[in-house]
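Student: Here you go, one structure.
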Amino acid sequence: MPEGNDTETTLLDVNVNESWDETAEALEETEAVTDDATVVSDAEKALVDAFESGDRSHQLDLVHVGRTLGYKLWKDDAFLLGERKAVVSGVTDDLFHLKNSVALHAPRNERLAIRERIDQTLENLRKEAWRLERQDSPKLRRTSGNGQKQP
């Protein structure tokens, strides 16, 4: 975890109806995106493909985790609406609880409290992933606990 304000979030571009490949190329030319950057956005495939390369990675923004999870559960057609909503609610509640805990404890340098919240969140997510695997959710089965797709 960085000390103080060692991290920076920067809005790199806003556009409408432009190719993500062109945007990525323009940002690389101006060196606005480093080779080891993590691009945080929704799951739009063209955007992910345009920015993910080498050591650069992609991460879903917090709001889109729940939306993407809900979509995948719907697409699987393995759960009724109420069950899907309960799964999405549980996962997003855990993630926002983690975010809020970090916001509370980081300024006070309370690393142990943050570590405990991370551990609890991971345990909750692993339990939910295990439960979903048992419920025959093919789309979610391809995603491990760390968000990386499995073969």
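The values are calculated or read from the model by the stated rules, or taken from the named source; none is laboratory data. Nothing here was measured: the structure is a model prediction, and the numbers come from that model. Cβ placement follows ideal geometry from the backbone for every residue including glycine, while neighbour counts extend to all protein chains displayed.
Student: What single numbered condition from (1) farther than 25 Å from Lys99 by Cβ; (2) assigned by TED's automatic domain parsing to the domain that holds Ala129 fails to hold for Ala24?
Tutor: (2)
One line per residue, one yes/no per condition, for (1) farther than 30 Å from Ser19 by Cα; (2) part of a helix (DSSP H, G or I); (3) at pLDDT 90 or above:
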{"site": "Leu47", "(1), (2), (3)": "no, yes, no"}
{"site": "Ser53", "(1), (2), (3)": "no, no, no"}
{"site": "Val65", "(1), (2), (3)": "no, yes, yes"}
{"site": "Glu83", "(1), (2), (3)": "yes, yes, yes"}
{"site": "Ser101", "(1), (2), (3)": "yes, yes, yes"}
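Student: OK, next. Among (1) more than 28 Å from Val102 (Cβ to Cβ); (2) modelled with pLDDT of 85 or more; (3) out of contact with any helix residue (DSSP H, G or I) (no Cβ under 6 Å at 6 or more places or on another chain); (4) surrounded by 11 or more Cβ atoms within 10 Å (Cβ to Cβ), which single condition is Asp61 missing?
Tutor: Exception for Asp61: condition (1).
Student: When the residues of segment 30-45 are filtered to those that are β-branched (Val, Ile, Thr) and part of a loop (DSSP other than H, G, I, E, B), which remaining residue is modelled with the highest pLDDT?
Tutor: Filtering segment 30-45 for residues that are β-branched (Val, Ile, Thr) and part of a loop (DSSP other than H, G, I, E, B), the one modelled with the highest pLDDT comes out as Thr30.
Student: Sort out which residues of segment 14-23 are surrounded by 11 or more Cβ atoms within 10 Å (Cβ to Cβ) and under 22 Å from Val63 (Cβ atoms), and write them in order of number.
Tutor: The answer is Trp20, Thr23.
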